[in-house]
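S.K.: Please find one structure pasted underneath; my questions will follow.
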Amino acid sequence: MVSTFPGYRIYDLLYNGSKTLVYRGYRETDSLPVVIKLLKNPYPNFSELLSFRNQYTIAKNLNSPLIVQTYNLEHYQNGYALVMEDFGG
């Protein structure tokens with residue numbers, strides 16, 4: 001479980017899957033509600049990192065009100081964190 005993530009305050013675990021963890025929180029600079037998706041493996045292999053980065057690239061380039069907005073891909077420990085819109089659902 002994540003206790004700290006620089007620049008964000010995490011307060012709820014939404015999903016604990018076989019490969020990812022999803023948390024709800026907010027960005028500290030402006031209190032923007034966010035959902036943060038992390039790789040569960042503390043030492044992800046190249047394929048896992050590439051797949052996660054591709055999720056970000058694809059989501060970032062899709063502009064539709066029907067798709068959750070992706071804000072940022074941030075480095076976290078040995079992998080990435082995908083920061084997305086929290087639409088409250």
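S.K.: What nm value, rounded to one decimal, do you get for the distance between Asn61 and Thr29 when each label is placed 7 Å out toward the C-beta?
M.R.: 2.5 nm
S.K.: I need the P(r) histogram for the range 28-89: all alpha carbon pairs, bin width 5 Å from 0 out to the longest distance, whole percents.
M.R.: Percent of Cα pairs in each bin: 4, 18, 26, 23, 17, 10, 3.
Taken together, the values in this text are just the output of simple stated rules run on the coordinates, not laboratory data. Quick caveat, the model's predicted, so the values are computed rather than measured. Methodologically, a virtual Cβ is constructed for each residue, glycine included, from the backbone with ideal geometry; neighbour enumeration extends over all protein chains shown.
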